[in-house]
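Colleague: The structure follows.
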Amino acid sequence: QVQVVESGGGLVQAGGSLRLACAASGLISSIYTMGWFRQAPEKDREFVAAITWSGSIPYYADSVKGRFTISRDNTKNTMYLQMAGLKPEDTAVYYCAAGRRAMSMHMADNYDYWGQGTQVTVSS
């Protein structure tokens, strides 16, 4: 089993920055991919970014490419999402997810473990 816990959400003005963190615990060696998803009110959960635990393959949704950066620190068992140039449409609950196998990173169904989410609100 793997547990993941998000932190770092909050309220920020448009154009500002935030850094989210996702701390993993449990059977870390079973993790192959970790990702960020988000869900805005009355919308479906959508893919944001993902990275293999080895860190070699970051992958981004087109809507955040060039503004968000995903990274991980294996010494701390933590994944990060650095968000810059935030827009009101980035407002959502952001979820961390971990998967045990190589797969299509943008598909939520491929992930095995999920956090509770952290709220990000961007004011205009």
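The values are calculated or read from the model by the stated rules, or taken from the named source; none is laboratory data. On a predicted model such as this, the values are computed, not experimentally measured, just so you know. All Cβ positions, even for glycine, are placed from backbone atoms using ideal geometry, and neighbour counts span all protein chains on display. Side chains included, ligands, DNA and RNA excluded: accessible areas come from the protein's heavy atoms. Shrake-Rupley method; radii C 1.70, N 1.55, O 1.52, S 1.80 Å.
Colleague: What residue, among those in the stretch 40-52 that are within 14 Å of the chain's Cα centre (by Cα) and open to solvent by 30 Å² or more (accessible area, probe 1.4 Å), is nearest to residue 69 (Cα to Cα)?
Modeller: Among those that are within 14 Å of the chain's Cα centre (by Cα) and open to solvent by 30 Å² or more (accessible area, probe 1.4 Å), it is 46.
Colleague: A further question on this structure: Being farther than 16 Å from residue 20 by Cβ and not β-branched (Val, Ile, Thr) is the filter; apply it to the stretch 64-86 and report the residue that is surrounded by the most Cβ atoms within 10 Å (Cβ to Cβ).
Modeller: 74
Colleague: Would you say residue 97 is in a strand (DSSP E or B), closer than 14 Å to residue 4 by Cα, open to solvent by 10 Å² or more (accessible area, probe 1.4 Å) and of a type in the set (Gly, Ala, Ser)?
Modeller: So residue 97 does not fit the description; no.
Colleague: Another one. Restricting attention to the stretch 13-31, which residues are within 30 Å of residue 101 (Cβ to Cβ), modelled with pLDDT of 95 or more and in a loop (DSSP other than H, G, I, E, B)?
Modeller: Passing the criteria: none in range.
Colleague: Something else: Please go through the stretch 1-25 and give me each residue that is open to solvent by 40 Å² or more (accessible area, probe 1.4 Å) and of a type in the set (A, V, I, L, M), ordered by number.
Modeller: The answer is 5, 11, 14, 23.
Colleague: Still on this structure: Does residue 118 satisfy the criteria of being buried (at least 16 other Cβ atoms within 10 Å of the Cβ), of a type in the set (Val, Ile, Thr) and in contact with a Phe, Trp or Tyr (Cβ under 8 Å, 6 or more places away or on another chain)?
Modeller: yes
Colleague: OK, next. Got a sec? Which of 121, 69 is assigned to a strand (DSSP E or B), under 12 Å from the mean Cα position of the chain (by Cα) and of a type in the set (Val, Ile, Thr)?
Modeller: Checking each option against the conditions leaves just 69.
Colleague: Would you mind finding the one in 110, 77 that is at pLDDT below 95 and on the phi < 0 side of the Ramachandran plot?
Modeller: Exactly one of 110, 77 is at pLDDT below 95 and on the phi < 0 side of the Ramachandran plot, namely 110.
Colleague: Looking at (1) among the hydrophobic types (A, V, I, L, M, F, W, C); (2) open to solvent by 30 Å² or more (accessible area, probe 1.4 Å); (3) part of a strand (DSSP E or B), which is the one condition that is false for residue 37?
Modeller: The one condition residue 37 does not meet is (2).
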